[in-house]
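What follows is calculated from the coordinates using simple rules that are stated; it is not laboratory data. Every value quoted in this text rests on a predicted model; they were computed, and no experiment measured them. Glycine also receives a Cβ, built like all others from the backbone with ideal geometry; neighbour counts cover every protein chain displayed.
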Amino acid sequence: MDPKTVLMPLPHYGFDPTESAVPWRALVRAGHHVVFATPDGEPAQADHRMVTGKGLPKLLRKSLMARADDVRVYRDMEGSDAFRRPIEYEKIQPDEYDALVLTGGHDKGMRPYLESAVLHRVVAHFFDRDKPVGAICHGTLLAARSQSLDNPECNGRSVLWGKRTTGLTRNQEMAAYWLTRATLRDYYRTYDMPMMDDLISHLRTSTDYTAGPGTPVPMIRDTDERPNGFTVKDGNYLSARWPGDAHAFARELVTLIGTRG
């Protein structure tokens, strides 16, 4: 397998540490080169609540924040040369990359990333050329908001038009919101509309979205030793719901990228 160059754009602040670092480690272990991009070329910062647990309700802290093992992986990524030297969004040349990874996060700091016209064009480039794309949690929303530029099957619609996907479920988002509303207010609501509803609004049909197992709310996170999280693969597009799927997502992403000639 030839090493590939993989682009991972991040916001200034607020991305999820597990959803970014676990795929990063898997890609690096597989011999691939990961290039980070931020709005201004300065190093990004993950959502500090997910990294430290600070500010989360004490009884829920262990369930809501990143697992200790995954925080250590994030610290490794944070200290890497690639993470410390990102490029600017405006300097992204999509043709230079073999694959794209879209991470998630729910903090309001994710909004500029999700709304970036530059990233929308970059995402469209990858989908229109059938390059491997992995998206997890709110990363699926960034994909959904990106309109195809020259794929006649999409006809100027979302790059996910006609594709199957998963993403953060409405139950997951609203359960976290109501459990923490008294102390964190709307911290778990990136937008007024639940992410799942926004995502589905860009699809050809609501049945193209799959919530996956876990009733009513998935709670058990997968691990490096047990990468049994839920993912959906449609061609060269791979999606996952939340940090609890990150290890399965990472392994399948490596396989997806490795199948390219």
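Before rounding to the nearest 500, sum -39500 (n - 2.57) across all DSSP H runs of length at least 4 in the chain and divide by the residue total; then give [θ] at 222 nm in deg cm²/dmol.
-10000 deg cm²/dmol
With point charges of +1 on the Cβ of Lys and Arg and -1 on the Cβ of Asp and Glu, referenced to the Cα centre of the chain, which listed residue (Phe83, Ser63, Val6) lies farthest in the positive direction of the dipole?
Ser63
In square nanometres, what is the average projected area of the Cα convex hull of the chain?
Value for the chain: 12.6 nm².
Report the full-extension gain for the segment Met193 to Arg111: residue separation times 0.36 nm, less the Cα-Cα distance, to one decimal in nm.
28.2 nm
Glu90 to Lys233: extension gain in nm, 0.36 nm per residue of separation minus the Cα-Cα distance?
48.6 nm
How many lysine pairs in the chain, separated by 8 or more positions in sequence or lying on different chains, have Cα atoms less than 21 Å apart?
Close lysine pairs under the 21 Å cut-off: 9.
Just to be sure I understand the model, the point goes 7 Å from the Cα along the line to the Cβ. What's the resulting Asp130 to Leu60 distance in nm?
Going by the 7 Å Cα→Cβ label model, 4.4 nm.
Suppose the chain between Ser206 and His33 were pulled fully straight at 0.36 nm per residue; how much longer would it get relative to their current alpha carbon spacing?
The Ser206-His33 span can extend by a further 58.7 nm.
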